[in-house]
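Colleague: Here it is, the structure, as structure tokens.
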Amino acid sequence: MLLRRFRTLCDVVLDTTRKVARLEAASYSAMSPIERHIALQIASRKDGVFQPSYDAWRVTRINKLLALYGVEWFAGKRVIELGCGHADIGAFLAELGADVLCVDGREENITFAKLKHRKVGRIDYLVADLDGIFPALGRCDLLVHFGLLYHLRDVDAHLAQCWELADEIVLETVVCDSLDPNKIVYLDRDVPVNSRGLHGVQNRPSPFYVERLATAAGYEVERCFTGDLNSGTFLYDWPHKDNGDLGGFSHRRMWRLHRSSGAAILSQDPNLRVAAE
Ligand SMILES: C[S@@+](CC[C@H](N)C(=O)[O-])C[C@H]1O[C@@H](n2cnc3c(N)ncnc32)[C@H](O)[C@@H]1O
């Protein structure tokens, strides 16, 4: 009796396994060579921007962009995405009708992005090192700046160039836990992974460091320090302890920076400080 039940169970398992294998084989052979290449890379790689945790993190940040601007806003706008990785966020905005330029310092990332989003129109790509003087990218309606700032050697020089690109910026970065608007820590060793910096460094500015630079450049600073952005160990709504903690990659902040045209000229006061929370 027991043996018969066991055999029946084995038959069911085998039958199901065969059905799944047949289905997999059918969908596998229905794929084009490019689709298969993309699917195999996504399935087999876990390094850097291939880490599965990027998926959920991207969803929360795209939702924030939609909450800030609305679905309709993007059509006809020029958007630049810096440090785009596989350009999934840029491609999403291009599908909403924006003309998007996705920039990354790694040829490998841009090559994969081009394949992955080959059916998305209105999207262009550029391989460029954004640490130091970077190529002219032209003005845009929105600069998307996610997950890049903390990979750079010179935050001030980089942001000074970003201010030239747009009056509307959504900026996201890892920070240190400090209320000091002049505090930034540079860490001089980093691993050569496709999601990290090009020059083997990282940095952790205080949130107030970033806000000071943005305010001095004429932007109104809207904080998006909200729990809806939290994803895995990446947190946006953490309270300050002001203990200088670098927090790995978990202490994150996001801002919407907005300035009315011409405001940049009016607000060069270096004493401008954004009040601590
Ligand atoms: C943490 S990933 C973020 C990817 C994407 N922006 C996101 O938030 O999901 C950082 C990206 O910035 C790129 N990057 C790092 N340093 C760079 C540099 N100096 N110039 C251009 N891109 C850089 C990396 O190649 C990588 O694709």
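The values are calculated or read from the model by the stated rules, or taken from the named source; none is laboratory data. These numbers were taken from a predicted model, which means no experiment stands behind them. When we count neighbours, we look across all protein chains shown, and the Cβ atoms used for this are built from the backbone with ideal geometry, even at glycine.
Colleague: Identify the residue in the stretch 166-182 that is buried (at least 18 other Cβ atoms within 10 Å of the Cβ) and part of a loop (DSSP other than H, G, I, E, B) and, among all such residues, is farthest from the ligand (Cβ to nearest atom).
Modeller: 181
Colleague: Got a number for residues in the stretch 64-89 being within 21 Å of residue 39 (Cβ to Cβ) and either aliphatic (A, V, I, L, M) or out of contact with any Gly (no Cβ under 9 Å at 6 or more places or on another chain) (or both)?
Modeller: 4
Colleague: Evaluate the stretch 117-133: report whether one residue or more is over 14 Å from the mean Cα position of the chain (by Cα), hydroxyl-bearing (Ser, Thr, Tyr) and in the same structural domain as residue 253 (by TED's automatic domain parsing). Working first, answer last.
Modeller: Filtering the stretch 117-133 down to residues over 14 Å from the mean Cα position of the chain (by Cα) leaves 117-133.
Adding the requirement that they be hydroxyl-bearing (Ser, Thr, Tyr) leaves 125.
Add one more test, that the residue is in the same structural domain as residue 253 (by TED's automatic domain parsing), and what stays is 125.
Yes, that holds for at least one residue.
Colleague: Sticking with this structure for a sec: Take the residues in the stretch 65-89 that are of a type in the set (Phe, Trp, Tyr) and over 15 Å from residue 171 (Cα atoms), then tell me which one is nearest to the ligand (Cβ to nearest atom). Lay out the reasoning, then the answer.
Modeller: Filtering the stretch 65-89 for residues of a type in the set (Phe, Trp, Tyr) gives 69, 73-74.
Of the ones still in play, those that are also over 15 Å from residue 171 (Cα atoms) are 73-74.
Numbers: 73: 20, 74: 17 Å.
Across the stretch 65-89, the extreme among qualifying residues is 74.
Colleague: Among the residues of the stretch 96-135, which ones are in a strand (DSSP E or B) and aromatic (Phe, Trp, Tyr)? Break it down stepwise before answering.
Modeller: Within the stretch 96-135, the subset in a strand (DSSP E or B) is 99-104, 123-127.
Within the stretch 96-135, just 125 meets the criteria.
Colleague: Oh, and also: It is to be established whether one or more residues within the stretch 233-250 are of a type in the set (Asp, Glu) and touching a residue at least 40 places away in the same chain (Cβ under 8 Å). Give the derivation first.
Modeller: Filtering the stretch 233-250 for residues of a type in the set (Asp, Glu) gives 237, 242, 245.
With the extra rule that they be touching a residue at least 40 places away in the same chain (Cβ under 8 Å), the set shrinks to 242, 245.
Yes.
Colleague: Is it fair to say residue 212 is more than 16 Å from the ligand (Cβ to nearest atom), farther than 28 Å from residue 88 by Cα and either among the charged types (D, E, K, R) or touching a residue at least 60 places away in the same chain (Cβ under 8 Å) (or both)? Talk me through it step by step, then tell me what you get.
Modeller: Details: more than 16 Å from the ligand (Cβ to nearest atom): yes; farther than 28 Å from residue 88 by Cα: yes; either among the charged types (D, E, K, R) or touching a residue at least 60 places away in the same chain (Cβ under 8 Å) (or both): yes.
Here the answer is yes, as residue 212 does meet what is asked.
Colleague: Go through 124, 104 for me and flag whichever is touching a strand residue (DSSP E or B) at 6+ places or on another chain (Cβ under 8 Å) and more than 8 Å from the ligand (Cβ to nearest atom). Spell out the reasoning first.
Modeller: Working: 104 fails: more than 8 Å from the ligand (Cβ to nearest atom).
Within the list 124, 104, the selection yields 124.
Colleague: Could you please find all residues in the stretch 191-203 being over 13 Å from residue 155 (Cβ atoms), more than 9 Å from the ligand (Cβ to nearest atom) and either small (Gly, Ala, Ser) or crowded, with 16+ Cβ neighbours inside 10 Å (or both)?
Modeller: Scanning the stretch 191-203 gives a single hit, 200.
Colleague: Sticking with this structure for a sec: Given the criterion of a type outside the set (D, E, K, R) and in contact with a Gly (Cβ under 7 Å, 6 or more places away or on another chain), identify the matching residue among 121, 97.
Modeller: 97
Colleague: Another question, then. Hey, can you tell me all the residues within the stretch 52-67 that are within 16 Å of the chain's Cα centre (by Cα) and of a type outside the set (D, E, K, R)? It would help to see each step written out before you state the result.
Modeller: Pass one, the stretch 52-67, residues within 16 Å of the chain's Cα centre (by Cα): 52-66.
Result: 52, 53, 54, 56, 57, 59, 60, 62, 63, 65, 66.
Colleague: Let me ask you something else. Among 66, 40, which is the only one that is in the same structural domain as residue 97 (by TED's automatic domain parsing) and of a type outside the set (Lys, Arg)?
Modeller: Working: 40 fails: in the same structural domain as residue 97 (by TED's automatic domain parsing).
It is 66.
Colleague: When the residues of the stretch 136-159 are filtered to those that are more than 19 Å from residue 68 (Cβ to Cβ) and part of a loop (DSSP other than H, G, I, E, B), which remaining residue is farthest from the ligand (Cβ to nearest atom)? Don't jump to the end; show me each part of the working.
Modeller: Just the residues of the stretch 136-159 that are more than 19 Å from residue 68 (Cβ to Cβ), to begin with: 136-139, 150-159.
Next cut, part of a loop (DSSP other than H, G, I, E, B) only: 136-139, 152-154.
On the way: 136: 15, 137: 12, 138: 17, 139: 19, 152: 6, 153: 8, 154: 10 Å.
Checking each candidate, the answer is 139.
Colleague: Pairs, please: C-beta under 6 Å, at least 6 apart or cross-chain, first residue on the phi > 0 side of the Ramachandran plot and in the stretch 87-115, second surrounded by fewer than 20 Cβ atoms within 10 Å (Cβ to Cβ) and small (Gly, Ala, Ser)?
Modeller: Close Cβ pairs (under 6 Å, with a partner that is surrounded by fewer than 20 Cβ atoms within 10 Å (Cβ to Cβ) and small (Gly, Ala, Ser)) amount to 97/75.
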